[in-house]
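Chemist: Before anything else, here's the structure in question.
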């Protein structure tokens, strides 16, 4: 089969022979650093098929509906250098070298995880990134590993997109420019984002940007939240900048010389859609281009694409030529992702190509050849000479399950889910387990040669990668995620490594996960210490079963569940398209109304039960809005079940409900951790159509821009699950010992970077995680506080210490005034993962301030909001009627009032006009006698916007048997169950209660119990909000802890300084490196009885060339 140049091409081209054509490699994705897909390669006039190589089709990481914006790995993306083609595969975790002339395989290299991005070829070397969080460098000729760069100093792993991978997969595809390789690792900003530049010849680190995951910045909907870019896509160079794609959002721009962040903007969807996506390229003029065929998504209003005008795109509508995101302008070019250029020739994938069957995924031109790759996995090579095409078919050796594997599965009762094999032995058992249709197998062995041979063997059988993956390591140090394995098999206890029992048990799934050890006597004293462990010996195996729930875990069935395990901080357990991606349904009805705890789902015994639409396809067509509505009405619904510990879909629901935790209601108030004074519990909440958080008893989940949570036991502050948009209705459930976050986000097109399901698991307190804590309700002397210099946000410890970021960059914080002299002193930050040990919390020592000569910390914490004319009140509790009938609720007030019954909006007084200085509104609802119905009332007094100046609020009811009256105290209950009134939370400023407000913040509040909602405040503030006499500083004795760590790679003696407290020298000639034993190691120096009146004074006197530095200061009053 041949393909002729079109007649409009220059005649001179037809005079060139293949030998005279200029040759060019295709060394990286879309040819060059700008990703232009434009090569100078002049192809022969006639192109003939030379060879075809078949590989299995790839499954993208994000495979469900509406995921095109992050499907960067839909097919193979080869590159070519000289006579060799290099093909990466996420299916079998490999990079393969092919002879570009014949299609014959030269070598294959296996990585430690899926390889989802095209490699880069340069100077006889090959570079690629992997989901194991590494950048690899191979010898291109033979496939030998030259060096490998770990993006983070941690081997912690999760189940990510169905595979065992690093918490920080390297999905910022590499780009090589000027002898430097740039790549990015990390998908979830709350876990950390790491962008690297390394020397392409040696792998030496040139710089690392590790601060972009904890930015407090404007998100979609103009909501302030913690977050940052989520690198998924190919990095590129553009006009002297490094461009880092950010999944469904728009990219970040960095200085390639230093790694400094230049700009980042998510791109905020409005009526004129600005949907982002993974794909970015440059045109011939260096302008960045986006493709509306990729940056498109179905919304309730219809298909929305980048650059469209109006809410819906109608047939024939054109998109805008450019869109502006922040200060950056992008060209909108339809189909640009499906076009390449070779010399003066243009190829469009959608046009097909003679001799190629299937859907064309990509093309590339190199060294006189055109390569065409299909979505189905076939690679075609076309050249200038006629030939009998060589055809290399995919082959796989079948594997029988084996009677030994069948017997083990019968013995353990575990035939599906994830299996972990510790120690390969001869590999036959692991191979047989992989042949089981419902098992995915992970094998770990200390012998690297044995692992390499096993990979080749299983690859030949077509099983390696998705069905089974093998790694070098030992159970105790491998970084296994908890709870993921249904079955763990140990044939050789010696090969499994030391202390494998504890590590294996931690990885077992509750509710029956089974550890099977062959011919070995396990230490019974160790097993006895494992909570929930049951063991027996049978058939030559010792079986240890993790029976029942995790101790302290609780099921969720629609009521507060008080799960005692789910505590801040929380880290990633798994993520991926495993739960069905949909709106939440119940019996065919979309669950839209109501807030609070989620209805119509349960989380029991490790399983989530919910409803989905069916049939459920991978890629339904992009319908018009009327067609979408018709299809919606035709859908049926079915029950669905998912495993909370891995996310995998299950065929049936839980058989029992055994996990229960006793209800332990927490107080309605909290002690401010800085002043020790009682105040109402309040938390930061920005945009979110869930209105208020869902209170599960110990734990509150909410939408605050991104998904977020607040741990009531530690008063954690609002912690963002950055990178993720949670649902319009609460879809975050603490149960079974973890926080489940299914992907029930509906049809949202906004540029939150990642739409998928995930689960979070409790982490040690050393884990870095930041919050926006809020303010102080009343002035008061400092009882305890930590100042964390250079930190991105606040942090609360479980023992009651609140560490405040200085300067304050991470949202609202308590007002503890700190003065640093000189003002030019420079804060710094590194991610806490880089800390190498020492004393104290790593997330304190990883940041600090350099060059300070004096630091003053005032001893009085100031009220965040001074009393003014505006104030607001929220009353919460329950109402219990005496009779079952329809009730009319009525409000009378000067300002807006809202009433909610059973988490459903009942009454909104703003819909009624203001007459004679008051608003009156009413609404009806049926209540049941003896039932405690949840009641929520919100009131605002805002004289600047109302004609009324007197403040008043009243809530009444009436029914056929009850005359209209203010609701009496005996019918009202506080949230803690006490009868006789409601809990009143009083704010010193107006606070929004609307779902779509972007200005809602954590306004400090005071608390009192109110017997009724009947108040006539007149022109004065409520008594609880009236100004109090100012707090005068008084001398107090403090225990002061000073924290130091050296962030630079320097020697002892290079940074030496004296430290004074209250003018007295306390640390002469402090040499951090010498006393800590090296850089990135923390030391704490404690001083008792330090007396301070107005401020704690810390002074620094330099004694060497490097300026003084300090990481943190903790003050603890010795007399409360």
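Chemist: For region 756-830 and region 474-517, what is the separation of their Cα centres, given in Å?
Modeler: 37 Å
Chemist: Rounded, prolate or oblate for the chain? Axes are the square roots of the Cα gyration tensor eigenvalues, ordered a ≥ b ≥ c, and the cut-off for rounded is a/c under 1.5. Write out the running numbers ahead of the final one.
Modeler: Numbers: a/c = 1.55, a/b = 1.45, b/c = 1.07.
In terms of gyration-tensor shape, prolate.
Chemist: Taking every DSSP beta bridge that has both residues in the chain, what percent is antiparallel when rounded to the nearest 5?
Modeler: Values: 254 of 291 bridges.
Of the beta bridges lying entirely in the chain, close to 85 percent run antiparallel.
Chemist: Here is a further query. Hey, how many Å between the Cα centroid of region 869-889 and the Cα centroid of region 143-216?
Modeler: 54 Å
Chemist: A further question follows. Which value in nm describes the separation of the simple spin-label points at residue 1054 and residue 979, placed 7 Å from the Cα toward the beta carbon?
Modeler: So the two model labels end up 7.3 nm from each other.
Chemist: Sorting 834, 843 on the 10 Å Cβ count, fewest up front, what's the list? Walk me through the numbers before you get to the answer.
Modeler: Details: 834 17, 843 26.
Starting with the residue having the fewest Cβ neighbours, the order is 834, 843.
Chemist: Assuming a ≥ b ≥ c are the square roots of the Cα gyration tensor eigenvalues, decide whether region 58-212 counts as rounded (a/c under 1.5), prolate (otherwise, with a/b larger than b/c) or oblate.
Modeler: Values: a/c = 1.86, a/b = 1.20, b/c = 1.55.
Taking the square roots of the gyration eigenvalues as a ≥ b ≥ c, region 58-212 is oblate.
Chemist: Right, next: When only C-alpha pairs under 8 Å and at least 6 residues apart count, what is the relative contact order of the chain, in percent? Intermediate values should be presented prior to the final figure.
Modeler: Working: 3192 pairs, mean separation 99.4, N = 1120.
The value is 9 percent.
Chemist: Grab the Cα-Cα distance for residue 400 and residue 886, subtract it from 0.36 nm times how many residues apart they are, and report the gain in nm with one decimal.
Modeler: On the way: separation 486, 0.36 × 486 = 174.96 nm, distance 6.77 nm.
Computed gain between residue 400 and residue 886 is 168.2 nm.
Chemist: Could you tell me the calculated FRET efficiency between residue 438 and residue 407, based on Cβ-Cβ distance and R0 = 25 angstrom, to the nearest 0.05? Intermediate values should be presented prior to the final figure.
Modeler: Numbers: r = 17 Å, r/R0 = 0.67.
Between residue 438 and residue 407 the formula returns 0.90.
Chemist: If you don't mind, another one. Return the percentage of antiparallel bridges among DSSP beta bridges fully within region 403-546, rounded to the nearest 5 %.
Modeler: Working: 12 of 32 bridges.
The answer is about 40 percent antiparallel.
Chemist: So what is the calculated 222 nm ellipticity per residue for the chain, using -39500 (n - 2.57) for each DSSP H run with n of 4 or more, over all residues, to the nearest 500 deg cm²/dmol? Could you put the intermediate results ahead of the total?
Modeler: Details: 9 runs with 66 residues, N = 1120.
Calculated at 222 nm, the ellipticity per residue is -1500 deg cm²/dmol.
Chemist: Once label points are set 7 Å from the Cα along Cα→Cβ at both residue 925 and residue 324, what is their separation, rounded to one decimal in nm?
Modeler: Output for this residue pair reads 4.7 nm.
Chemist: Any chance you could check the Cα centroid distance between region 1060-1120 and region 721-739 for me, in angstrom?
Modeler: Using only Cα atoms to place each centre, the spacing works out to 41 Å.
Chemist: Only counting other Cβ atoms within 10 Å, I'd like 941, 392 sorted with the fewest neighbours first. Please report the intermediate quantities before stating the final value.
Modeler: Numbers: 941 24, 392 17.
If I rank by nearby Cβ atoms, fewest first, I get 392, 941.
Chemist: For a quick protection proxy, order the peptides 475-487, 323-335 by their average other-Cβ count within 10 Å, most packed first. Present the calculation step by step, with values, prior to reporting the outcome.
Modeler: On the way: 475-487: 22.7, 323-335: 16.7.
Highest mean packing first, the order is 475-487, 323-335.
Chemist: Grab the beta carbon distance between residue 202 and residue 105, set R0 = 30 Å, and tell me the FRET efficiency rounded to 0.05.
Modeler: With a Förster radius of 30 Å, E is 0.55.
Chemist: With the radius of gyration and the Kirkwood radius both derived from the Cα set of region 403-546, what is their ratio Rg to Rh? The partial results should precede the final answer.
Modeler: Working: Rg = 13.9 Å, Rh = 14.8 Å.
A ratio of 0.93.
Chemist: If you don't mind, there's one more thing I want to ask. By average Cβ neighbour count within 10 Å, what is the ranking of 717-727, 362-372 from highest down? List each step's numbers first, then the result.
Modeler: On the way: 717-727: 27.3, 362-372: 23.5.
Listed from highest to lowest mean packing, they are 717-727, 362-372.
Chemist: Same structure, new question: Working out 0.36 nm times the residue gap between residue 457 and residue 147, then minus their Cα-Cα distance, what length gain in nm do you get to one decimal? Spell out each step's value before the answer.
Modeler: Values: separation 310, 0.36 × 310 = 111.60 nm, distance 2.48 nm.
Result: 109.1 nm gained on full extension.
Chemist: Sort 159-165, 639-645 by packing, meaning the average of other beta carbons within 10 Å per residue, with the highest value first. Could the numbers behind the result be given before it?
Modeler: Details: 159-165: 25.0, 639-645: 22.0.
By packing density, highest mean first, the sequence is 159-165, 639-645.
Chemist: Still on this structure, I have one more. Please report the antiparallel percentage of the DSSP beta bridges confined to region 160-294, to the nearest 5.
Modeler: In region 160-294, DSSP labels about 95 percent of beta bridges as antiparallel.
Chemist: Compute the length gained on full extension between residue 826 and residue 391: take 0.36 nm times their separation in residues and subtract their Cα-Cα distance, giving the result in nm to one decimal.
Modeler: Extending this stretch completely gives an extra 150.3 nm.
Chemist: By the gyration tensor of its Cα atoms, with a ≥ b ≥ c the square roots of the eigenvalues, what is the shape of region 2-392: rounded for a/c under 1.5, prolate for a/b over b/c, or oblate? Please list the in-between numbers first.
Modeler: Details: a/c = 1.73, a/b = 1.24, b/c = 1.40.
Since a/c reaches 1.5 but b/c is at least a/b, the shape of region 2-392 is classed as oblate.
Chemist: Let me ask something else. Taking other Cβ within 10 Å of each residue's Cβ, how do 309, 860 sort, fewest first? Don't skip to the end; give the middle numbers.
Modeler: Details: 309 12, 860 20.
Least to most surrounded, the residues fall as 309, 860.
Just so you know, all these numbers are worked out from the coordinates, no wet-lab data involved. Computed from a predicted model, the values in this text were never measured in an experiment. Glycine also receives a Cβ, built like all others from the backbone with ideal geometry; neighbour counts cover every protein chain displayed.
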